[in-house]
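Notes follow the structure.
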Amino acid sequence: MHLLYCDESGSAPDPNQKHFVLAGISLFERQGFAIANELDKIVSRVNPDDTASTELHGSPIYGGKKFWRHYER
């Protein structure tokens, strides 16, 4: 079995946005656990005080918002 994930960034009907991105990934079911563990390790290093509510989103990471401001692009 494969796990499927799809997400978008931007708004297709908004004429003020130049780009709309739609992406997806398919993982064999056993790969999900290993990937989740590696992502948890990253979150633990980045924000050890609040790992439960830390989300990995491109905009805050790239923009250096909140605790991400301590990291270079």
inquiry  = Can you tell me how many residues within segment 20-35 are closer than 17 Å to GLY58 by Cα and either open to solvent by less than 70 Å² (accessible area, probe 1.4 Å) or under 15 Å from the mean Cα position of the chain (by Cα) (or both)?
reply    = 5
ask   = What about LEU39, is it under 14 Å from the mean Cα position of the chain (by Cα) and either hydrophobic (A, V, I, L, M, F, W, C) or surrounded by 12 or more Cβ atoms within 10 Å (Cβ to Cβ) (or both)?
value = yes
ask   = Taking segment 49-73 only, how many residues are open to solvent by 70 Å² or more (accessible area, probe 1.4 Å) and among the aromatic types (Phe, Trp, Tyr)?
value = 2
task = Any chance you could count how many residues in segment 1-14 are more than 23 Å from ARG69 (Cβ to Cβ) and either open to solvent by 90 Å² or more (accessible area, probe 1.4 Å) or in a strand (DSSP E or B) (or both)?
result = 9
ask   = If you go through segment 22-73, how many residues are assigned to a helix (DSSP H, G or I), among the hydrophobic types (A, V, I, L, M, F, W, C) and modelled with pLDDT under 90?
value = 4
query = Given the conditions (1) in contact with a helix residue (DSSP H, G or I) (Cβ under 6 Å, 6 or more places away or on another chain); (2) open to solvent by 70 Å² or more (accessible area, probe 1.4 Å), and given that GLN17 satisfies all but one, which numbered condition is not satisfied?
reply = (1)
key: Close pairs from segment 52-73: first at positive phi, partner at pLDDT 85 or above and surrounded by 11 or more Cβ atoms within 10 Å (Cβ to Cβ), Cβ under 8 Å, at least 6 apart   = LYS66/PRO60
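The values are calculated or read from the model by the stated rules, or taken from the named source; none is laboratory data. Quick caveat, the model's predicted, so the values are computed rather than measured. Positions of Cβ are backbone-derived with ideal geometry, glycine not excepted, and every protein chain shown enters the neighbour counts. The protein model used for the area step is the full one, side chains on, heavy atoms only, and it has no ligands, DNA or RNA in it. Shrake-Rupley method; radii C 1.70, N 1.55, O 1.52, S 1.80 Å.
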